[in-house]
Amino acid sequence: MHEEIIVAGFGGQGVIMAGKLLCLAAMKEGKHVSHIPSYGAEMRGGTANCSVVISDNPIGSPVVPHPTIVVAMNGPSMRKFEPRLKKGGLLLYNSSLIDFKPERDDIEVIAIKANDIAEDEGSKMAANMAAIGRLQAVKPELVSLDNIIDALKIAVSKRNQKHNEVNIKVLKRANSITA
């Protein structure tokens, strides 16, 4: 298994933390990982994305010019990264905020109402958890849900650990979606 992933959105959506969470969970499983965050100049509202590589074998380069998976949390991110996605790749997008469909027909597309799920479970800030929960359900070979949940203890700062209960609820709900 070798997946090259871009998680992208605007600052404040937790895309960097989502990538870190995937890496920590994969490390727990003995997989090779890399994580490169990229921020816009603004703390919130600017652009943010991260490149994540998860592999059963050593990683030759952490650079992800043509990802196998894109998780797009907002419209500008989908417009930017959909064209870069490898043929046959997976585009998982936040249909709570993205009101247009992907243009390509040579990729797998999954829409998730990430913001809606997070709000239903009690947190406007946990849309990233919904996206990761759904990604794990679609690509279980990446990492186990149990290891994602365990990795929250490391990925989430001490002052924000109080939110992990709702993070776990959002992860599990999005993970249980069958359509």
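We did not get these values from a lab; they are worked out from the coordinates using the rules stated. Please read these numbers as outputs of a predicted model, since none were measured by experiment. Positions of Cβ are backbone-derived with ideal geometry, glycine not excepted, and every protein chain shown enters the neighbour counts.
Residue by residue, here is whether (1) in contact with a strand residue (DSSP E or B) (Cβ under 6 Å, 6 or more places away or on another chain); (2) part of a helix (DSSP H, G or I); (3) under 12 Å from Val143 (Cα atoms); (4) touching a residue at least 40 places away in the same chain (Cβ under 8 Å) holds:
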| residue | (1), (2), (3), (4) |
| --- | --- |
| Glu4 | yes, no, no, yes |
| Val7 | yes, no, no, yes |
| Gln13 | no, no, no, yes |
| Gly30 | no, no, yes, no |
| Ile36 | yes, no, no, no |
| Val52 | yes, no, no, yes |
| Pro62 | yes, no, no, no |
| Val70 | yes, no, no, yes |
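Which one of these is touching a Ser or Thr at 6+ places or on another chain (Cβ under 8 Å), within 15 Å of Met17 (Cα to Cα) and surrounded by 13 or more Cβ atoms within 10 Å (Cβ to Cβ): Ala127, Ala111?
Working: Ala111 fails: within 15 Å of Met17 (Cα to Cα).
Residue meeting the stated conditions: Ala127.
I'm checking my understanding of the structure. Among residues of segment 94-108 that are of a type in the set (D, E, K, R) and closer than 18 Å to Arg84 by Cα, which one is nearest to the chain's Cα centre (by Cα)?
Just the residues of segment 94-108 that are of a type in the set (D, E, K, R), to begin with: 99, 101, 103-106, 108.
If we keep only those that are closer than 18 Å to Arg84 by Cα as well, we get 101, 103-106, 108.
Numbers: Lys101: 19, Glu103: 21, Arg104: 20, Asp105: 22, Asp106: 21, Glu108: 16 Å.
My answer is Glu108.
All but one of (1) touching a Phe, Trp or Tyr at 6+ places or on another chain (Cβ under 7 Å); (2) over 17 Å from Met129 (Cβ atoms) hold for Pro37; which doesn't?
All conditions are met except number (1).
Quick check on my filter: what residues within segment 136-168 are within 24 Å of Gly88 (Cα to Cα) and part of a loop (DSSP other than H, G, I, E, B)?
Scanning segment 136-168 gives Lys139, Pro140, Glu141, Leu142, Val143, Ser144.
Does any residue of segment 87-100 turn out to be of a type outside the set (A, V, I, L, M) and within 22 Å of Lys28 (Cβ to Cβ)? Break it down into steps so the answer makes sense when it comes.
First pass over segment 87-100, keeping only residues of a type outside the set (A, V, I, L, M): 87-89, 93-96, 99-100.
Narrowing further to those that are within 22 Å of Lys28 (Cβ to Cβ): none.
No: segment 87-100 contains no residue that is of a type outside the set (A, V, I, L, M) and within 22 Å of Lys28 (Cβ to Cβ).
What are the pairs with Cβ atoms under 8 angstrom where one residue, in segment 163-179, is over 9 Å from Ala118 (Cβ atoms) and free of Cβ contacts under 8 Å to residues at least 24 places away in the same chain and the other, located anywhere, is in a loop (DSSP other than H, G, I, E, B) and of a type outside the set (Gly, Ala, Ser)? Sequence gap at least six, or different chains.
Listed pairs, sorted by first residue: Asn164/Val156.
Looking at (1) crowded, with 20+ Cβ neighbours inside 10 Å; (2) out of contact with any His (no Cβ under 8 Å at 6 or more places or on another chain), which is the only condition Leu85 fails?
(2)
If you go through segment 93-100 one residue at a time, do you hit one that is in contact (Cβ under 8 Å) with a residue 40 or more places away in the chain and either assigned to a helix (DSSP H, G or I) or surrounded by fewer than 17 Cβ atoms within 10 Å (Cβ to Cβ) (or both)?
Looking only at segment 93-100, we keep the residues that are in contact (Cβ under 8 Å) with a residue 40 or more places away in the chain, and these are 94.
From what is left, the residues that are either assigned to a helix (DSSP H, G or I) or surrounded by fewer than 17 Cβ atoms within 10 Å (Cβ to Cβ) (or both) are none.
Among the residues of segment 93-100, not one is in contact (Cβ under 8 Å) with a residue 40 or more places away in the chain and either assigned to a helix (DSSP H, G or I) or surrounded by fewer than 17 Cβ atoms within 10 Å (Cβ to Cβ) (or both), which makes the answer no.
List pairs: first in segment 134-154 and surrounded by fewer than 15 Cβ atoms within 10 Å (Cβ to Cβ), second not basic (Lys, Arg), Cβ under 6 Å, 6+ apart or cross-chain?
Matching pairs, first to second residue: Glu141/Met1; Ile154/Leu24.
Does Ser55 count as of a type in the set (Gly, Ala, Ser), touching a helix residue (DSSP H, G or I) at 6+ places or on another chain (Cβ under 8 Å) and surrounded by fewer than 21 Cβ atoms within 10 Å (Cβ to Cβ)? Write out each step before concluding.
On the way: of a type in the set (Gly, Ala, Ser): yes; touching a helix residue (DSSP H, G or I) at 6+ places or on another chain (Cβ under 8 Å): no; surrounded by fewer than 21 Cβ atoms within 10 Å (Cβ to Cβ): yes.
In short, no.
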